[in-house]
Amino acid sequence: AKASIVQSFLPVMDALAAADNTYADSDNNKYTALSGNMRTALKELDVEEYTVEVGSIVDKRRVSISEEVYSDQYEKDVVISPVSVGLELKGNVIRLAECVVSLGSEAAAAAEEEAAGESGEEASSEEEAFE
């Protein structure tokens, strides 16, 4: 029950953060205090932030993939960079962390596609031979 109540406040927290960013240069920015108070209240409710580490394998129970890119440096399904933090309440995820994830090497992906295409052609040739 506590988690669902906290989740209902997350859009408000996002709106406050957006307003704070919009009016950050203003001398009369009152949104910073509201945003800070919201974060303090969430901490008092045992809500904790977490982030994913660069180089870690993606855990889709805790991570939302915002973008997938080819990378020669990172293997497929490995975090390249975090985008936003996630939130959890006593170990239960209430908001997924967002990150950019590797598709692996573009050359390796092309080789896999080529190999899959060749095996598909062989299978269709065999089917034609039986007809």
Residues being loosely packed, with under 11 Cβ neighbours inside 10 Å and either part of a helix (DSSP H, G or I) or touching an Asp or Glu at 6+ places or on another chain (Cβ under 6 Å) (or both): count how many of those fall in the range 91-111.
-> 1
Given (1) free of Cβ contacts under 8 Å to residues at least 12 places away in the same chain; (2) more than 23 Å from the chain's Cα centre (by Cα), number of the condition Thr32 does not satisfy | (1)
For the subset of the range 10-32 comprising residues that are closer than 13 Å to Arg95 by Cβ and touching a Ser or Thr at 6+ places or on another chain (Cβ under 8 Å), which member is modelled with the highest pLDDT?
-> Met13
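On the basis of being open to solvent by less than 40 Å² (accessible area, probe 1.4 Å) and in contact with a helix residue (DSSP H, G or I) (Cβ under 8 Å, 6 or more places away or on another chain), does Val78 make the cut?
no
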Just need a number here: residues in the range 1-44 that are touching a helix residue (DSSP H, G or I) at 6+ places or on another chain (Cβ under 8 Å), surrounded by 13 or more Cβ atoms within 10 Å (Cβ to Cβ) and either among the hydrophobic types (A, V, I, L, M, F, W, C) or in a helix (DSSP H, G or I) (or both).
-> 14
Return only the number of the condition from (1) under 18 Å from Leu96 (Cα atoms); (2) surrounded by 13 or more Cβ atoms within 10 Å (Cβ to Cβ); (3) modelled with pLDDT of 85 or more that Glu53 does not satisfy.
-> (2)
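The values are calculated or read from the model by the stated rules, or taken from the named source; none is laboratory data. This structure is a prediction, so every number in the text was calculated from the model and none was measured. Counting neighbours? That spans all protein chains shown, and the Cβs are built from the backbone with ideal geometry, glycine included. Ligands, DNA and RNA are stripped out before the accessible areas are found, and what is left, the full protein with its side chains, is counted by its heavy atoms. Shrake-Rupley method; radii C 1.70, N 1.55, O 1.52, S 1.80 Å.
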